[in-house]
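Input: a single structure, listed below in structure tokens.
The values are calculated or read from the model by the stated rules, or taken from the named source; none is laboratory data. Everything numeric in this text was worked out from a predicted model, so none of it was measured. Don't worry about glycine lacking a Cβ; one is built from the backbone with ideal geometry, like all the others, and counts go over all protein chains shown.
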Amino acid sequence: MEAYNVSVIDFFRRWGPYFFSAFIALVIGLVQVLIFIKNPILIATILIILSTFCFVATIIALYYDIKEAHRKDKEAKKEKTFQALKESFMHAGLSEKAAEIAAKGR
């Protein structure tokens, strides 16, 4: 199941900006259809469906992008916190190995 999630994340990370661009283009095309065509029902319906799909794909891509950024930020903070704890234990008089064990919480 995890491999499926990774491929979904990669897909939306790679194609998310294109879906957003397609959404904008479809909305502009929809406005033009509504203004210049007298009976725009079929064309407008198709454009609405396509633009809705692109908008949903853009939102999913944005969600995965934010989720990935939070994960990377959390990992960076975890490493900095570990180093700070290790240094504080070493200043308290512990050896480097003991400070590392204490910082890990074992």
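Residue count for the range 18-51 satisfying the condition of being free of Cβ contacts under 8 Å to residues at least 24 places away in the same chain and not in a loop (DSSP other than H, G, I, E, B): 22. Yes or no: residue 81 surrounded by fewer than 13 Cβ atoms within 10 Å (Cβ to Cβ), at pLDDT 85 or above, farther than 28 Å from residue 11 by Cβ and among the hydroxyl-bearing types (Ser, Thr, Tyr)? For residue 81, the condition - surrounded by fewer than 13 Cβ atoms within 10 Å (Cβ to Cβ), at pLDDT 85 or above, farther than 28 Å from residue 11 by Cβ and among the hydroxyl-bearing types (Ser, Thr, Tyr) - is met. Taking the condition farther than 30 Å from residue 96 by Cα, in contact with a Pro (Cβ under 7 Å, 6 or more places away or on another chain) and in a helix (DSSP H, G or I), does residue 56 pass? It is false that residue 56 is farther than 30 Å from residue 96 by Cα, in contact with a Pro (Cβ under 7 Å, 6 or more places away or on another chain) and in a helix (DSSP H, G or I).
Scanning the range 25-63 for residues that are of a type in the set (Phe, Trp, Tyr) and surrounded by fewer than 16 Cβ atoms within 10 Å (Cβ to Cβ), which turns out nearest to the chain's Cα centre (by Cα)? Filtering the range 25-63 for residues that are of a type in the set (Phe, Trp, Tyr) and surrounded by fewer than 16 Cβ atoms within 10 Å (Cβ to Cβ), the one nearest to the chain's Cα centre (by Cα) comes out as 63.
Here is a yes/no grid of residues against (1) modelled with pLDDT under 85; (2) over 24 Å from residue 8 (Cα atoms); (3) in contact with an Asp or Glu (Cβ under 6 Å, 6 or more places away or on another chain):
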position	(1), (2), (3)
35	no, yes, no
39	yes, yes, no
51	no, no, no
61	no, no, no
73	no, no, no
77	no, yes, no
95	yes, yes, no
